[in-house]
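Remarks on the structure that follows.
Please treat every number below as a calculation from the coordinates, not as lab data. Here the structure is a predicted model, which means the values were calculated and not measured. All Cβ positions, even for glycine, are placed from backbone atoms using ideal geometry, and neighbour counts span all protein chains on display.
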Amino acid sequence: MKKTKVDHYTDKEALEFHSYKKPGKIEISSSKNMTTKRDLALAYSPGVAAPVRAISKNPEAAFDYTSKGNLVAVISNGSAILGMGNLGALASKPVMEGKAVLFKRFADIDSIDLEIDSADPNEIINSIKNFAPSFGGINLEDIAAPDCFVIEEKLKEILDIPVFHDDQHGTAIITTAALINALDVNKKKIDEIKIVVNGAGASAMACTNLFKRSGVPQKNITMIDRTGVIFRGRENLNQWKSGHAIETKDRTLDDAIKNADVFLGLSAKGALSKDMVKKMAKNPIIFACANPDPEITPEEIEEVRKDAIIATGRSDYPNQVNNLIGFPYIFRGALDVRSKTINEEMKVAAARAIANLAKEDVPDEVVAAMGGERPHYGKDYIIPSTFDPRLISVIPAAVAKAAMETGVARKKIQDFDLYKEQLKQRLDPTVTIMQGVHSYIKKKQKKVVFADGEDENTLKAAIAFKNSKLGVPILVGKEELIKKQIKVIGYNENFDIEIVNSKDTNKREKYVKYLFQKLQRQKGMLEWDCDRLIRNDRVIWSSCMVACGDADAMVTGNTRRYSASLEKITQVVEPRIGEIMFGLNLIVNRGKTIFICDTSVIEYPDAKQLAEMAKSAARVVRLFGFDPKVAFLSHSTFGQPATDRTKRLSDAVEILKKDKVDFKFDGEMQPDVALEELYKELYPFSKIVGNANVLIMPSQHSAAISYKMIKSMSRAKVIGPLLIGLGLPIEIAPLRTSTSEILNLASIAAYSADVIDYKKN
């Protein structure tokens, strides 16, 4: 079984992440404009009186006039935090905030974390009961057994909104999906298999219940706790364990595992031995889900059994049992039909939907996220990837349909095809772009030069690049200054990271020779002029490292103006043959992804340059997984008003028509016409109106102003500017760029080094 690398972070890095800018990971923002006196009057007094009266007459109206229908409370008392145990309610808050972020990120569900400082189940129940009317659903998290059973069961009785304990049911749903497919791969029938469940906590019981619901006979499941097999007649069994007791002579795991078809471990490291694995039936299914270390490693299993299907709870092995595949989408479906509960039928529907999705050919987003490898349904791919964009449409639809069929839905979905399209529109695939890039470059391990090694943000980005196993960073700068800075930011000054500079005479001589050969005729440079450049300018030095094959890619900037960095780079590296250089920014905001160019290079491009820019931008956009739809922007739309300044743009459109390019384009048009669908009615002849994702600006000024205003005044995420058309993979960070932005540029440079053919130069 192939093992992948896992990111590693220091406690200091994690603490800095959680404290950066605004402490924590969530905030509340208004969904309505609050700019005028009228807006305020409608939002509060007196306008708010109208929905108040409506809700008082009909409580269901709260779904129509408040955020209730898309709001989930994430609740814990901190009695079972991850693998750390009972650390208290307040200590659980970072985890609950994280859960809230995942709800938003993967299913567009708003979430508020609530930590209840109590160990009394009744007190917790009453607290939740009293504030539950504010929410559309309740997600219980990290509450120790058996209290979690009591709390969930009681809340389900008294509340008319979904209550879901993810530690139990999320795990159960994903595990059941994995079981369905593992049985399918191994050609085994669910009603004939023998299952051993090692562990009798909340997750184990929920999995066992759902297995039974899916068709496994109770007599075929043996559950084991710390004492041994749970058998009928055993003393001191609580009400939950006694429900899983069976008639059997087995008393230990070693007894029960003989001829077992399936092992499900939700227990502890080392619980399952290789000798036990040998005793299992032909083509065994082994789910070793203890975290962080499984009951037995896949490597140990493969030493004794080559026929096993293996799943773990870890991301560094295939078939990860990851609740992230389940809970956001299950709640999405439940909320969309205003379900009163999440019943067993909805859980089974979710499990089957997940199982079926793994059987389908994976989209390119999954391939990118898995480093270019295309997984195929089989023993190493029985559960869909968390990066699969289809999860958002497949699982909620299945859950919503089951809720309707079982009579717990308050709202009916009339057109499920339309509903699935609406679900897709909630999320943008761009949110996974950098995850896909990172996953890809981890397997390539490119050498990336960080030219401004003494700069704090650059240094932090290089360390993050190394710690995240994205590749091999190389710092350029004075060793003593870099080591001092490493110490300042919280690492040992002897932190293992390569540092280079012009003291390396062998490299210096090589670079001087290269540069002299390049510049002696172009700019009349003498050899000592080249030597001076190499010794005194780290951008020149770093560019030579890439040009001479001592590194694969490079990132610079942050300490000098963009134009100054570009000037130095172009002394060493020429544009790619057949392309022009320009700056391209990727912008993500509220589910919309756009690419803007030229933001950084050509001040006032002519028609031919605009057309070439569109061609290159389309190529790059496709590398990120998007279908390019190019709009040439102006202050006018299709000649109205007609001015001399728009002719370059209309001429560029004509050039592309003559060249018969393989992407959609149109112009000139105003930005709102390009981006907003309401204009389609006015311009039905254009396929670009309302659909554009590549915006070609009429000048560098307008491009730079536009993206910087968007970045400064909105919640948009900006990646770039990316330097397109250069003959080597080099990126330039603007002045005062953040650590994360430098890291993104370094990652894209490493990605470009592998996916773009620079040899043509």
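Full-extension gain between D361 and R532, please, as 0.36 nm times their residue separation minus the C-alpha to C-alpha distance.
Once the chain is fully extended between D361 and R532, it gains 56.0 nm.
Which value, in debye to the nearest 20, gives the size of the charge dipole of the stretch 166-427 about its Cα centre, when Lys and Arg are +1 and Asp and Glu are -1 at the Cβ?
Dipole size: approximately 860 debye.
Run the simple label-point estimate for E192 and K37 please: 7 Å along Cα→C-beta, distance reported in nm.
Simple spin-label model gives 8.0 nm for this pair.
Considering only C-alpha atoms, what is the centroid distance from the stretch 155-174 to the stretch 231-274, in Å?
The stretch 155-174 and the stretch 231-274 have Cα centres spaced 25 Å from each other.
With charges set only on the Cβ (+1 for Lys and Arg, -1 for Asp and Glu), what does the dipole of the chain come to about its Cα centre, in debye to the nearest 20?
Its charge dipole is roughly 840 debye.
Determine the equivalent ellipsoid of the stretch 615-755 by diagonalising the alpha-carbon gyration tensor, then write out the semi-axes as square roots of 5 times the eigenvalues, largest first, rounded to whole Å.
Equivalent ellipsoid semi-axes, largest first: 28, 18, 14 Å.
Quick one: if you stick a label point 7 Å off each Cα along the C-beta vector at I28 and I158, how many nm between them?
2.4
Quick one: length gained pulling F17 to Y758 fully straight, 0.36 nm per residue minus the C-alpha distance?
263.2 nm
Please name whichever of Y683, L623, M613 sits farthest to the positive end of the charge dipole of the stretch 582-725, dipole taken about the Cα centre and charges placed at Cβ: Lys and Arg +1, Asp and Glu -1.
So the residue furthest toward the plus end is L623.
Can you pull a Stokes-Einstein diffusion coefficient for the stretch 166-427 at 10 °C (1.306 mPa s), Rh from Kirkwood over Cα pairs, as a whole number of µm²/s?
In µm²/s, the coefficient rounds to 84.
Nearest 10 degrees, 0 to 90: what angle lies between the long axis of helix 344-359 and the longest principal axis of the chain (Cα atoms)?
Taking the Cα atoms of the chain, the angle to 344-359 is about 40 degrees.
When only DSSP loop residues count, what trypsin sites (Lys or Arg not before Pro) in the stretch 572-625 have their Cβ near at most 10 other Cβ atoms within 10 Å?
For trypsin sites (Lys or Arg not before Pro) across the stretch 572-625 that sit outside H, G, I, E and B with at most 10 neighbouring Cβ atoms in 10 Å, the list reads R590.
Provide, as a two-decimal number, the C-alpha radius of gyration of the stretch 41-161 over 2.2 N^0.38 Å, N being how many residues it has.
Ratio of Rg to 2.2 N^0.38 Å for the stretch 41-161: 1.18.
What FRET efficiency, computed as 1/(1 + (r/R0)^6) with R0 = 56 Å and r the Cβ-Cβ distance, is obtained for K129 and D307, rounded to the nearest 0.05?
0.65
Calculate the FRET efficiency for T248 and N86 from the Cβ-Cβ distance with a Förster distance of 30 Å, rounded to the nearest 0.05.
0.35
What percent of all Cα-Cα pairs in the stretch 438-572 falls into each 5 Å bin, going from 0 up to the bin containing the maximum distance?
2, 10, 20, 21, 19, 15, 7, 4, 1, 0
Kindly provide the GluC sites (Glu not before Pro) of the stretch 307-414 that DSSP labels as loop, not H, G, I, E or B, and whose Cβ sees at most 11 other Cβ atoms within 10 Å.
Nothing satisfies the criteria.
For W240, W541, W528, what ranking results if the residue with the fewest other Cβ atoms within 10 Å of its Cβ goes first?
W528, W240, W541
With labels modelled as points extended 7 Å from the Cα through the Cβ direction, what inter-label distance (nm, one decimal) is found for K258 paired with L114?
5.2
Positive end of the dipole of the chain, charges at C-beta (+1 Lys, Arg; -1 Asp, Glu), about the Cα centre: which of L140, M545, L253 has its Cα farthest in that direction?
The one lying farthest along the dipole's positive direction is M545.
Between 0 and 90 degrees, rounded to the nearest ten: what's the tilt of helix 700-713 against the longest Cα principal axis of the chain?
Around 30 degrees separate the two axes.
What's the extension gain from K411 to E299 if we count 0.36 nm per residue and subtract their Cα-Cα distance?
Result for the pair: 35.4 nm of gain on full extension.
Only loop residues by DSSP count here, and only those with at most 14 other Cβ atoms within 10 Å; note down the GluC sites (Glu not before Pro) in the stretch 455-529 that meet that.
Those satisfying the criteria are E493.
What ratio of Cα Rg to 2.2 N^0.38 Å holds for the chain?
So the chain has a normalised radius of gyration of 1.07.
Going toward the positive end of the dipole of the chain, with +1 on Lys and Arg Cβ and -1 on Asp and Glu Cβ, which of T227, Q320, V48 do you reach last?
Q320
So how strong a dipole does the stretch 161-282 carry about its Cα centre when Lys and Arg Cβ are +1 and Asp and Glu Cβ are -1, to the nearest 20 debye?
With Lys and Arg at +1 and Asp and Glu at -1, about 360 debye.
Tilt of helix 416-426 relative to the longest C-alpha principal axis of the chain, in degrees (0 to 90, nearest 10)?
50
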